[in-house]
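The values are calculated or read from the model by the stated rules, or taken from the named source; none is laboratory data. All values reported here derive from a predicted model rather than from experimental measurement. Positions of Cβ are backbone-derived with ideal geometry, glycine not excepted, and every protein chain shown enters the neighbour counts. Note: accessible area is taken over every heavy atom of the protein model, side chains too, but ligands, DNA and RNA are not part of it. Shrake-Rupley method; radii C 1.70, N 1.55, O 1.52, S 1.80 Å.
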Amino acid sequence: MERLCMGCMKRYDDKFDICPHCGYAFDTPAKQSYHIPPGSVLLQRYIVGKVLGFGGFGVTYVGWDYLMERKVAIKEYLPSEFATRMPTQQKVTVYSGDREEQFKEGLIKTLDEAKRLAKFESVPGIVQIYDCFEANGTSYIVMEFLEGMSLKEYLAEHGKMSVDQALQVILQITPAMEAVHKTGILHRDIAPDNIYVLNPEEPDNLQVKLLDFGAARYATTKHSKSLSVIIKPGYAPEEQYRSRGDQGTWTDVYALAATLYKMLTGITLEDAMERSVKDEVKKPSKLGIKLSKPMETALMNALNVKIQDRTQTMEEFSKELLAAEVKERSVTKDKRDVGAVPRWFLALAGIIVAAVAVVAGLMITGIIQFHLGSDDMHVEENMTRVPNVVNQDADEAETLLASQTLGMSRDKMVYSKEIPANRISYQEIKENTLVEKDTTLVVLISKGEEKGVIPSVKGLQKEEAEKILEEAGFTNIRLEESQEEGVYNSVLKISEEQGDNVVLDKEIVLTICVNEENQLEDESVQIEVPKLDGMEREEAGRVLEEAGFLVNWIEEASDEPKGTILGHTPKAGEKANKGSYVTVRISAGAEKIYMKNVQLMSLEEARGEIESLGLKVGKVTEDYSDSVPNGKVISQSVAQDAEVKKGDSVNLVISKGKDPAKQTKAARQTQPAAQTQSKAKETAPPTTAAPPPEPTAPPATTAPPETAPPATAPPQTAPPETAPPAGETMPDINW
């Protein structure tokens, strides 16, 4: 008799208790009490073996597919924060209350992402997914089992790579991620331990695959406080440290570039939050690595801390890595280096030490007494703390910052799945950071979720319809089969109306005809297709049916009046089988156009966007603005998502920057007050001087740190999590 080894899934004689292939002992228990016992079976098809790896979000087992007779990896969704498993049981125990809701949400999203990733079976750089299903009160993903080792293990064993070796690995990942990004999926955890080397014995021809897409991890962070668990310091960009961070393709670009840096130099980058305060990352050439100037520039462009300064897409990153010339991206500079020690502090350090000694002596003698129960921390007169303005209305945020004696600069508008339109999606200086008054806070403004116009696909073949929808930007397409009459494999219905302006990741359902028996063609009888010129839809349909044909209508956007027949197949005069379908193209009217948001673009950028829609730039005026930089669009006469017609004009207001007259007036008003304060400081006795007022409390959206940092403390590297305003829920994390 033979038995199947639960360690390597190879068969051996059952007279042995130890597998001769891998040394795994028969009857070895599960590594942890909450792991599935080895030998358990799922769906009467997959046998579960030993644990390959586990963490806070799931467990991965080696497995065997009885049906296909192949070794597989089985990933179980088991977030430890929300669920567990009792010893020797298979069914998962989910904790009650809010955690049960979060567990279910993560389960749904995990299965959904697995189904979408399963479509990439032809993409060589991504691990292939064979199956996904629910069982035992949770979900499972069955994927190909990879032989080899992780890139992390490879680097630990072989050390840093040559430029050619590293580039060969990266250029296998970039096209794979391009394909995935087009469907709206982000990885969020690209790092050496999630890149698998299939042939480590061939260092000059390494083949790799990308593992562990982050659905389960990010599904569980909607209300979770354990966000730091999912961050890989050195590989995660700074936007991943914020629960409402503006994550996108640029997030994965940073992580892959950090991986390339590690491969070339053997050094893990400094934590992104540390870099946002003081960036000391050295170029590889400064570390003795010989690589071309363009390639190094491409790498450093992708490693820029700020989103707006960073390489945006995988396609752009791969092109720059191979380009003969690459332009270095300019880096947005902070008005003030909040991480530096103020010069006045260094200059007065000796005086401060002496003063502390004197005060201590006076306290000992009882001459000076302090009431320790009173407020014990004050902010210096010329300093203030940065409030949290993320997810606040942009104008309200500007008012709030002004009340804190801070300015605001609107850098650009960005699409965001979490932050509603016209609210702040990102602030450059973290909340609670101590800064000088009149510091300008650079922010990004949300445009809301990106939308697209639903194209006409009814009557088209399934494959063509899917392609058209994907080209229009829609990523969540679901097919439903129907036995209704129609052309086999064609679209009978679509869940959205043609011409509607719809969020790109909304589920679009196509109803597909699978009725093969109801094709009524009579090949023995040939009929001539009649002329349909000048007819209306109803008349044309009647004429074709009377002639013995069925009609497949396809509506197309056209400048012709709605209902006009644009053409048909077969053409008039041609013969076709009796009972066959004649496909008639009919005008759905002019193509619907919806206005894009061009605010915070330059005039040239806005003009290009407007003209690409078939519109014209109308009247251009200028005005001063306290928060919109000079030369950028303050406002547009046609609102975002408003329906427009070709040839319509859009008026723009362009910023001239801050009003110099207001600045001069403000300076004049401030000067006497400053002089008065200066005189007061000179004359007032130190022991009786009133303490400066406490800083304004942060808004309700900010969870303050447990202990406020002293006035001279550097800013926190990881900002405290934000809570939603009263009555609201935390927006979903961008998948």
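For the stretch 285-306, filtering for residues that are within 28 Å of residue 425 (Cα to Cα) and either surrounded by fewer than 16 Cβ atoms within 10 Å (Cβ to Cβ) or touching a Ser or Thr at 6+ places or on another chain (Cβ under 6 Å) (or both) leaves 4. With respect to (1) of a type in the set (S, T, N, Q); (2) over 21 Å from residue 630 (Cβ atoms); (3) open to solvent by 10 Å² or more (accessible area, probe 1.4 Å), the lone exception for residue 440 is condition (2). Applying the condition of being in contact with a Gly (Cβ under 9 Å, 6 or more places away or on another chain) and of a type in the set (Lys, Arg) to the stretch 254-284 and asking which residue is least open to solvent (accessible area, probe 1.4 Å) yields 262. Within the stretch 170-185, the set of residues being under 15 Å from residue 257 (Cβ atoms) and open to solvent by less than 10 Å² (accessible area, probe 1.4 Å) comprises 170, 173, 174, 177. The C-beta contact set for the stretch 22-33 (first residue of a type in the set (S, T, N, Q), second residue modelled with pLDDT under 90, distance under 8 angstrom, 6+ apart or interchain) comprises 32/54; 33/85; 33/86; 33/87.
Take residue 483 and decide whether it is more than 26 Å from the chain's Cα centre (by Cα), open to solvent by less than 70 Å² (accessible area, probe 1.4 Å) and touching a residue at least 12 places away in the same chain (Cβ under 8 Å). It is false that residue 483 is more than 26 Å from the chain's Cα centre (by Cα), open to solvent by less than 70 Å² (accessible area, probe 1.4 Å) and touching a residue at least 12 places away in the same chain (Cβ under 8 Å).
Whenever a residue of the stretch 268-285 is over 22 Å from residue 151 (Cα atoms) and part of a helix (DSSP H, G or I), its partners that are open to solvent by 40 Å² or more (accessible area, probe 1.4 Å) and among the hydroxyl-bearing types (Ser, Thr, Tyr), lying with C-beta atoms within less than 6 angstrom and at least six residues away or across chains, give the pairs 273/717; 274/717. Residues in the stretch 151-184 that are closer than 30 Å to residue 506 by Cβ and either in a helix (DSSP H, G or I) or out of contact with any Asp or Glu (no Cβ under 7 Å at 6 or more places or on another chain) (or both): 173, 174, 175, 176, 177, 178, 179, 180, 181, 182, 183. Scan the stretch 85-102 residue by residue and report those that are modelled with pLDDT of 85 or more and either in contact with a helix residue (DSSP H, G or I) (Cβ under 9 Å, 6 or more places away or on another chain) or loosely packed, with under 14 Cβ neighbours inside 10 Å (or both). Residues satisfying the conditions are 91, 92, 93, 94, 95, 100, 102. Filtered by the rule that a residue be open to solvent by 30 Å² or more (accessible area, probe 1.4 Å), among the hydrophobic types (A, V, I, L, M, F, W, C) and farther than 27 Å from residue 423 by Cβ, the stretch 566-616 gives 566, 572, 590. Comparison of 421, 402 shows that the only residue that is at pLDDT 90 or above, open to solvent by 20 Å² or more (accessible area, probe 1.4 Å) and more than 24 Å from the chain's Cα centre (by Cα) is 402. Is it true that some residue in the stretch 103-115 is β-branched (Val, Ile, Thr), assigned to a helix (DSSP H, G or I) and under 27 Å from the mean Cα position of the chain (by Cα)? Within the stretch 103-115 (the criterion being β-branched (Val, Ile, Thr), assigned to a helix (DSSP H, G or I) and under 27 Å from the mean Cα position of the chain (by Cα)), the answer is yes, since at least one residue qualifies.
Each residue in the stretch 507-528 was checked for being at pLDDT 90 or above and of a type in the set (D, E, K, R), and 2 pass. The condition (being in a strand (DSSP E or B), more than 25 Å from residue 573 (Cβ to Cβ) and either open to solvent by less than 70 Å² (accessible area, probe 1.4 Å) or among the charged types (D, E, K, R) (or both)) is satisfied by just one residue among 527, 512: 512.
Go through the stretch 185-199 and count every residue that is assigned to a loop (DSSP other than H, G, I, E, B) and of a type in the set (D, E, K, R). Of the residues in the stretch 185-199, 2 are assigned to a loop (DSSP other than H, G, I, E, B) and of a type in the set (D, E, K, R).
Could you give every pair whose Cβ atoms fall below 8 Å, whose first residue belongs to the stretch 588-603 and is of a type in the set (Asp, Glu), and whose second residue is at pLDDT below 95 and part of a strand (DSSP E or B), counting only separations of at least 6 or pairs across chains? Qualifying pairs under 8 Å: 591/453.
Among the residues of the stretch 35-52, the ones that are open to solvent by 60 Å² or more (accessible area, probe 1.4 Å) and in contact with a Lys or Arg (Cβ under 7 Å, 6 or more places away or on another chain) come to 0 in all. Can you go through 93, 84, 138 and tell me which one is among the β-branched types (Val, Ile, Thr), closer than 27 Å to residue 505 by Cβ and more than 25 Å from the chain's Cα centre (by Cα)? Exactly one residue qualifies, and that residue is 138.
The residues of the stretch 53-82 that are at pLDDT below 90, surrounded by fewer than 22 Cβ atoms within 10 Å (Cβ to Cβ) and assigned to a strand (DSSP E or B), listed by number, are 53, 54.
Matching residues to (1) in contact with a Cys (Cβ under 7 Å, 6 or more places away or on another chain); (2) surrounded by fewer than 24 Cβ atoms within 10 Å (Cβ to Cβ); (3) at pLDDT below 90; (4) part of a loop (DSSP other than H, G, I, E, B):
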{"site": "203", "(1), (2), (3), (4)": "no, yes, no, yes"}
{"site": "209", "(1), (2), (3), (4)": "no, yes, no, no"}
{"site": "218", "(1), (2), (3), (4)": "no, no, yes, no"}
{"site": "222", "(1), (2), (3), (4)": "no, yes, yes, yes"}
{"site": "225", "(1), (2), (3), (4)": "no, yes, yes, yes"}
{"site": "229", "(1), (2), (3), (4)": "no, yes, yes, no"}
{"site": "234", "(1), (2), (3), (4)": "no, yes, no, yes"}
{"site": "243", "(1), (2), (3), (4)": "no, yes, yes, yes"}
{"site": "252", "(1), (2), (3), (4)": "no, no, no, no"}
